[in-house]
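**Student:** This is the structure, below, for whatever I ask next.
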Amino acid sequence: MSQPAAIRPLQGVTVVSLEHAIAAPFCTRQLADLGARVIKVERPGVGDFARGYDQRVNGLASHFVWTNRSKESLTLDLKQAPALAVLERLLESADVLVQNLAPGAAARLGLSFDALHERFPRLVVCDISGYGEGGPMAEKKAYDLLIQSEGGFLSVTGSPGEEGMAKAGCSIADIAAGMYAFTGVLSALMLRDRTGQGSRVDVSMLESLVEWMNYPLYYAYNGAPPPPRAGAAHATIYPYGPFPVGDGSSVMLGLQNEREWQSFCRQVLRQPDLSSDERFATNFQRVENRVALRALIVDAFAVLDFDTVIQRLEEAHIANARVNDMQGVWEHPQLQARERWRQIDSPAGPLPSLLPPASNSAFSPRMDAVPALGEHTASILTELNIPATEIEAMRQAGMV
């Protein structure tokens, strides 16, 4: 279903971003989705180090393609005063500054909120860091896997046993921080509409992930045992997870209540008496006896093929899913039917790109090109009324 190319919510908003890796780029890409102009400031000759993570997308890095569409790339060596002066000129007309530089780096460049607020009182400043300002770990380096460890995620994820811990298959700590930065910037812009003043948004990767960990935290409240590692199954609800089927495939299913348990026994397993078995009468009993129950389910599915199991689950109104690999997701019929893929430009040519999940009936999201390193440097400097001779001199000096 097509959407109108109407005014987008952040049209006219300019975002300057000193960003690398995932958290800040994911935040600013979502701002660009809503129509903001995002000027990505990168190091000359090197750029955002995520550009070099891999070459899986026609020679481009997978992380970079994902988080950097619809942006302009400006190269500046901020360690050189003339380049820093260019950044200052950009901020004069900017609405938002987003940064996830190393701890303390922005402040050393004179880019702390307090310093900037005096000169640019309407500027919203979003600082993204591993552990937040203050506290004993404020200056500590932080990467996604390290935050997954510090935030307790690894303790409840993976297979049982001491050696079973596993990280998430995507950068969830970065993604969490990027999402809270995105909503934080939006709320700060709304606040500015009321007060006329910019404010600071302080986002910690640790705090972002710990917010997502509140269920296992409360489950382990007051010294109670934490949820055990349960592989791809749910740790505290059963049956809820993957089960092998007789044709060699797997099906993911989940039960949420006793009504569903009775339907599952009657219509899927075709063993109605099992629903009253005292070992499995309630969810906590099924969890306690999950090994025995899993064996019964596996035995029942062993003589069935995938389509038969899915048909029975659907007829019983039991939630279920395929265990897709990446190719299965690329070809997912629901995404295809809802026309969720678009084509964007990039330095490597046209690429598929997923529409933002929050569709709005009033406008279509911005879906522009992934920029080459420094692609927009000359045009942005010219826009700032810097003469061509000066731009060339800056280029010769390695400033841009």
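FYI, it's all coordinate maths here, none of it is from the lab. The structure displayed is predicted, hence computed values, not measured ones. Cβ placement follows ideal geometry from the backbone for every residue including glycine, while neighbour counts extend to all protein chains displayed.
**Student:** May I ask for the percentage of alpha-carbon pairs in the stretch 55-99 that lie more than 12 Å from each other?
**Tutor:** Values: 720 of 990 pairs.
Within the stretch 55-99, distances greater than 12 Å cover 73 percent of Cα pairs.
**Student:** So what is the relative contact order of the stretch 156-289, in percent, for Cα pairs below 8 Å that sit 6 or more residues apart?
**Tutor:** Value for the stretch 156-289: 19 percent.
**Student:** Ranked highest first by the average count of other Cβ atoms within 10 Å around their residues, in what order do 73-80, 312-319 fall? If you can, show how the numbers build up before the last one.
**Tutor:** Working: 73-80: 20.1, 312-319: 15.9.
Descending packing order for the listed peptides: 73-80, 312-319.
**Student:** Work out, in µm²/s and without decimals, the Stokes-Einstein translational diffusion coefficient of the stretch 107-234 at 20 °C, 1.002 mPa s, Rh from Kirkwood over C-alpha pairs. Mind dumping the intermediate values first?
**Tutor:** Numbers: Rh = 16.6 Å.
D = 129 µm²/s.
**Student:** Can you figure out the FRET efficiency of A220 with M190, using R₀ = 25 Å and their beta-carbon distance, to the nearest 0.05? Each step should come with its number before you reach the end.
**Tutor:** Working: r = 36 Å, r/R0 = 1.45.
Plugging the Cβ-Cβ distance into 1/(1 + (r/R0)^6) gives 0.10.
**Student:** Debye sum, Cα scatterers, the stretch 301-347, no solvent: what log₁₀ I/I(0) at q = 0.14, 0.18, 0.20, 0.31 1/Å?
**Tutor:** For the stretch 301-347, the Cα-only Debye profile gives -0.53, -0.75, -0.85, -1.07.
**Student:** If you don't mind, there's one more thing I want to ask. Pick from P244, P226, P333 the residue whose mean-square fluctuation is largest in a GNM of the chain, springs joining Cα atoms under 10 Å.
**Tutor:** P333
**Student:** Take the alpha carbon atoms of the stretch 135-162, find their center, do the same for the stretch 48-69, and report the distance between the two centers in whole angstrom.
**Tutor:** Here the two parts' Cα centres lie 25 Å apart.
**Student:** With a Förster radius of 41 Å, plug the Cβ-Cβ distance of L145 and T382 into 1/(1 + (r/R0)^6) and report the FRET value to the nearest 0.05.
**Tutor:** Details: r = 42 Å, r/R0 = 1.02.
It comes out at approximately 0.45.
**Student:** Can you work out the FRET efficiency for the pair K167 and Q396, with r the C-beta to C-beta distance and R0 = 41 Å, to the nearest 0.05? Mind dumping the intermediate values first?
**Tutor:** Numbers: r = 45 Å, r/R0 = 1.09.
So, using R0 = 41 Å, E works out to roughly 0.40.
**Student:** Output needed: percent of Cα pairs per 20 Å distance bin for the chain, bins running from 0 to the one holding the longest distance.
**Tutor:** Calculated over all Cα pairs of the chain, the distribution is 23, 47, 25, 5, 0 percent.
**Student:** Rounded to the nearest 500, what is the chain's calculated 222 nm mean residue ellipticity when only DSSP H runs of at least 4 contribute -39500 (n - 2.57) each, over all residues? Before the final figure, lay out the partial values.
**Tutor:** Details: 18 runs with 149 residues, N = 400.
So the calculated ellipticity at 222 nm is -10000 deg cm²/dmol.
**Student:** Can you tell me the Rg and the Dmax, both Å, for the Cα atoms in the stretch 48-152?
**Tutor:** Looking at the stretch 48-152, its Cα Rg and Dmax stand at 16.1, 45 Å.
**Student:** Pairs of alpha-carbon atoms within less than 8 angstrom and 6+ residues apart define the contacts here; what relative contact order does the chain have, in percent? Walk me through the intermediate numbers first.
**Tutor:** Working: 689 pairs, mean separation 80.5, N = 400.
Relative contact order for the chain comes out at 20 percent.
**Student:** If you don't mind, there's one more thing I want to ask. Counting other C-beta atoms within 10 Å, and keeping those with at most 12, which DSSP coil GluC sites (Glu not before Pro) do you find in the stretch 249-290? All intermediate terms of the calculation are to be shown ahead of the outcome.
**Tutor:** Details: sites: E258, E260, E278, E288; in loops: E278.
Those satisfying the criteria are E278.
**Student:** Please report the antiparallel percentage of DSSP beta bridges with both residues in the chain, rounded to the nearest 5.
**Tutor:** Details: 16 of 39 bridges.
Of all bridge pairs located within the chain, approximately 40 percent are antiparallel.
**Student:** Give, as a single signed number, the net charge of other residues whose beta carbon lies under 13 Å from the beta carbon of Q148, with Lys and Arg counted +1 and Asp and Glu -1. Can you show the working numbers first?
**Tutor:** On the way: positive: K167; negative: D144, E150, D174.
Summing Lys/Arg as +1 and Asp/Glu as -1 gives -2.
**Student:** Check the straight Cα-Cα distances from K71 and name the lysines below 29 Å, setting aside those fewer than 8 residues away within the same chain.
**Tutor:** Straight-distance partners of K71: K40, K79, K141.
**Student:** Also, quick follow-up: Over the stretch 94-178, calculate the relative contact order: mean separation of alpha carbon pairs under 8 Å at least 6 apart, over the residue count, as a percent. Don't skip to the end; give the middle numbers.
**Tutor:** Numbers: 80 pairs, mean separation 19.9, N = 85.
That works out to 23 percent.
**Student:** Amide H of V57: which non-local residues (sequence gap of 5 or more, or other chain) have their own amide H closer than 5 Å, using H built in the peptide plane?
**Tutor:** Under 5 Å from the amide H of V57: S62.
**Student:** While we're on this one: Please give, to one decimal in nm, the separation of the simple spin-label points placed at A115 and A319, each 7 Å out from Cα toward the Cβ.
**Tutor:** With each label placed 7 Å out from Cα toward Cβ, I get 4.9 nm.
**Student:** Hey, could you pull the Cα Rg and Dmax for the stretch 240-323, both in Å?
**Tutor:** 11.7, 31
**Student:** Same structure, new question: So what are the radius of gyration and Dmax for the Cα set of the stretch 269-400, in Å?
**Tutor:** 28.3, 86
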